[in-house]
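S.K.: The structure that follows is given in the form of structure tokens.
The values are calculated or read from the model by the stated rules, or taken from the named source; none is laboratory data. The shown structure was predicted, so the numbers you read here are calculated from the model rather than taken from an experiment. Note that we place each Cβ from the backbone using ideal geometry, even for glycine, and neighbour counts take in every protein chain shown.
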Amino acid sequence: MIFNLLLFSKNVFSSGSSGPDNCCFKFFPGTLSASRVRSFILTDDRCPKPGVVFVTRRNLNICVEKNATWVDVGINKHN
């Protein structure tokens with residue numbers, strides 16, 4: 001599981017001069033325990049696919065699809 005988290009933590013952000021920032025291009029296919037999440041960042045509205053970046057307690061940035069059923073639980077816990 002750690003290998004998968006590292007794989008998805010490296011594909012989180014893109015910075016373009018005129019395009020959106022903070023886009024996810026690959027999404028973690030599993031779920032994350034809310035106890036492992038320290039905070040979250042919503043991706044830019046101009047991104048091709050909406051996403052949420054969960055920042056883990058180990059400072060890994062994990063992209064997940066915003067419409068995944070379990071994501072709202074993680075967001076609500078950290079609001």
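S.K.: Can you tell me which residues in region 20-58 are part of a helix (DSSP H, G or I) and hydroxyl-bearing (Ser, Thr, Tyr)?
M.R.: Within region 20-58, just Ser35 meets the criteria.
Residues are listed down the side, and each one gets a yes or a no for (1) in contact with a helix residue (DSSP H, G or I) (Cβ under 7 Å, 6 or more places away or on another chain); (2) modelled with pLDDT of 90 or more; (3) surrounded by fewer than 18 Cβ atoms within 10 Å (Cβ to Cβ); (4) β-branched (Val, Ile, Thr):
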| residue | (1), (2), (3), (4) |
| --- | --- |
| Leu7 | no, no, yes, no |
| Ser18 | no, no, yes, no |
| Phe28 | yes, yes, no, no |
| Ser33 | no, no, yes, no |
| Ser39 | no, yes, yes, no |
| Val64 | yes, yes, no, yes |
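S.K.: Something else: Against the condition more than 10 Å from the chain's Cα centre (by Cα) and either at pLDDT below 85 or surrounded by 11 or more Cβ atoms within 10 Å (Cβ to Cβ) (or both), how does Gly51 come out, does it pass?
M.R.: Against the criterion (more than 10 Å from the chain's Cα centre (by Cα) and either at pLDDT below 85 or surrounded by 11 or more Cβ atoms within 10 Å (Cβ to Cβ) (or both)), Gly51 does not qualify.
S.K.: Determine whether Asp45 is of a type in the set (Asp, Glu), more than 12 Å from Asn22 (Cβ to Cβ) and loosely packed, with under 14 Cβ neighbours inside 10 Å.
M.R.: Here the answer is no, as Asp45 does not meet what is asked.
S.K.: Further question on the same structure: Between a residue in region 50-79 that is among the aromatic types (Phe, Trp, Tyr) and any residue that is part of a loop (DSSP other than H, G, I, E, B), which pairs come within a Cβ distance under 9 Å, given they are 6 or more apart or on different chains?
M.R.: Phe54/Phe28; Phe54/Leu32; Phe54/Leu60; Phe54/His78; Trp70/Thr31; Trp70/Leu32
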